[in-house]
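Input: a single structure, listed below in structure tokens.
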Amino acid sequence: MNDGLLEKYAAKSSTSLGRTHPESSPAYRGEFQRDRDRIIHSTAFRRLEYKTQVFVNHEGDLFRTRLTHSIEVAQISRTIARSLQLNEDLSETIGLAHDLGHTPFGHAGQDVLNDCMRDYGGFEHNLQSLRVVDELEEKYAEFPGLNLTFESREGILKHCSLKNARILGEVGQRFLNKHHPSLEAQLTNLADEIAYNSHDVDDGLRSGLITLKQLREVELFNSLYEDVDKNYPDLPTRRKIYEIVRRLISCQVVDLIETSKARIEQAKPESITDVREHDQPLIAYSDSMREQNLAMKRFLRENLYMHYRVRRMSSKSARMLRELFGAFMDDDLLLPPEYQDKVRQQQRESGDSGKARIIADYIAGMTDRYANAEYSKIFDPGSLT
Ligand code: MG
């Protein structure tokens, strides 16, 4: 991405705030391209293939996983960034990295791990994504983690408690100052929502847990449904759904681009600093789209995420992770040797909190199927270890 083609308030490779461990500039790539490439080659990125979005991996081959979700987020982000003449490379990087810290079994995993870690500093998946790229990936000779640019790290840390912000240094500062991240980070955050709302509709219908009839109670869905039905009355249902989902993504993306363009024109930021210090985020939906979007989210929460079949799976998964955490806390000799070494080192430095953090890292890094296998190995007397 040539910096000269970007708006003056876009994030630029040539004026990046840099990396924690200084490195010379890459020869044939920009700084954010290098960040993206490091993410694609990371272990945590490959693990996303076997981590749940909503449906557990073995429930079907066509459902989204965290990997395909992240690729969809990167795609939507690139479209929005390019049309606003913002930095496509940075948005793509944040899109691909935003879920690296997710636990196995989706939100159920995050909640239970946070609960297990209550006395040891808690567990936030956003913070864990940052921890993965800052510390946990061990691939490079000269530094721990992936040593990403400040701008990529700022985008990955979407939310953060004030308590944690205080100990994070410069990347946590904006939460204390109530500032915003770059426009590239703001748009990727909303691209994440557009992606999961749309693909959860698609996966929800495919699974049969929600029906077309139910979804037609949602205004945003129904208006698109009626349009498609009128124009293509004989189209097979599955294809009709694809057409609706496609339009669902498109209408939200167009609304976001047009509304954000108008907000930027009005605010007239001169630089990325103006963007960060502006009183409101400049990337946003129109009021009516935000309302419709909220209604869609509410529908998905009540009808899909709370569906008894999804709840059974998440409750089972939560129980498994809680028991694994307890077993490792009680006896760290059950951990693989490299984690035992880390536990010992951390316990020396910060006691039980240090030990618990390493166990949380181990559990958060597991794929769904790895967690299942670990659970059987530790709790099932008939299982071979
Ligand atoms: Mg996401």
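The values are calculated or read from the model by the stated rules, or taken from the named source; none is laboratory data. Quantities reported herein were computed from a predicted structural model and do not represent experimental measurements. Here the Cβ positions follow ideal geometry from the backbone for every residue, glycine too, while neighbour counts run over all protein chains shown. When the accessible area is computed, the model is the full protein with side chains, heavy atoms only, and any ligands, DNA or RNA have been set aside. Shrake-Rupley method; radii C 1.70, N 1.55, O 1.52, S 1.80 Å.
Being loosely packed, with under 15 Cβ neighbours inside 10 Å and in contact (Cβ under 8 Å) with a residue 24 or more places away in the chain is the requirement here; does residue 265 meet it?
It is false that residue 265 is loosely packed, with under 15 Cβ neighbours inside 10 Å and in contact (Cβ under 8 Å) with a residue 24 or more places away in the chain.
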- Task: Kindly indicate whether any position in segment 159-170 is surrounded by 19 or more Cβ atoms within 10 Å (Cβ to Cβ) and basic (Lys, Arg).
- Result: no
- helices (runs of 4 or more DSSP H) fully within segment 128-243 counting 1 or more residues that are at pLDDT 95 or above and under 17 Å from the mean Cα position of the chain (by Cα): 150-156, 183-207
- Item | segment 243-262 - residue that is among the polar types (S, T, N, Q) and open to solvent by less than 50 Å² (accessible area, probe 1.4 Å) and, of those, nearest to residue 75 (Cα to Cα) | 252
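Here is a list: 347, 340. Which entry is assigned to a helix (DSSP H, G or I) and touching a Gly at 6+ places or on another chain (Cβ under 6 Å)?
After ruling out the rest, the residue left standing is 347.
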- Query: What is the one condition in (1) open to solvent by 40 Å² or more (accessible area, probe 1.4 Å); (2) within 16 Å of the ligand (Cβ to nearest atom) that residue 125 does not satisfy?
  - Reply: (1)
- Note on the structure: Residues of segment 133-185 being under 23 Å from residue 42 (Cβ atoms) and of a type in the set (A, V, I, L, M), in sequence order, are 133, 136, 141, 146, 148, 156, 157, 168, 171, 185
